[in-house]
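The values are calculated or read from the model by the stated rules, or taken from the named source; none is laboratory data. Just so it is clear, the model here is predicted, and its values are computed rather than measured. Because the Cβ atoms are built from the backbone with ideal geometry, glycine has one as well, and the counts that use them run over all protein chains shown.
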Amino acid sequence: MTEAAANSVKTTVFMSGNSQAIRIPKDFRFDSETVWLKKIGKKIYVSPEPLSALDVLDVVTADLPDGWADGFDVPAELPLDPIPGWDE
């Protein structure tokens, strides 16, 4: 079982006025008045702060087996063009 699956629970969805809402169990409560929603595919992630690109990468790869990227080669040199004025 992945860490994401181990830390997930089923909850209810209901209407609150014209908005759809979810019941957040006590163990999952946020210590903030606002949260951020991020939709990736058909899944919605709730976070007390915006997800970074690395957070999204963690979400996308969470269900992959350990060592899934072991066969990837790290390039010796990145094929980047120089950026004018970068060293200034």
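Would you check if there is a residue in segment 71-87 being in a loop (DSSP other than H, G, I, E, B) and surrounded by 11 or more Cβ atoms within 10 Å (Cβ to Cβ)?
Within segment 71-87, none of the residues are in a loop (DSSP other than H, G, I, E, B) and surrounded by 11 or more Cβ atoms within 10 Å (Cβ to Cβ).
Filter segment 37-58 down to the residues that are out of contact with any Lys or Arg (no Cβ under 8 Å at 6 or more places or on another chain) and part of a helix (DSSP H, G or I) and list them by number.
Ala53, Leu54, Asp55, Leu57, Asp58
Among the residues of segment 25-36, is there at least one that is part of a helix (DSSP H, G or I), under 20 Å from the mean Cα position of the chain (by Cα) and of a type in the set (Phe, Trp, Tyr)?
Looking through segment 25-36, at least one residue is part of a helix (DSSP H, G or I), under 20 Å from the mean Cα position of the chain (by Cα) and of a type in the set (Phe, Trp, Tyr).
Between Thr34, Thr11, Thr2, Thr61, which is at pLDDT 90 or above and surrounded by 10 or more Cβ atoms within 10 Å (Cβ to Cβ)?
Going through Thr34, Thr11, Thr2, Thr61 in turn, the sole match is Thr11.
Return yes or no: is Val56 at pLDDT 85 or above, surrounded by 10 or more Cβ atoms within 10 Å (Cβ to Cβ) and hydrophobic (A, V, I, L, M, F, W, C)?
no
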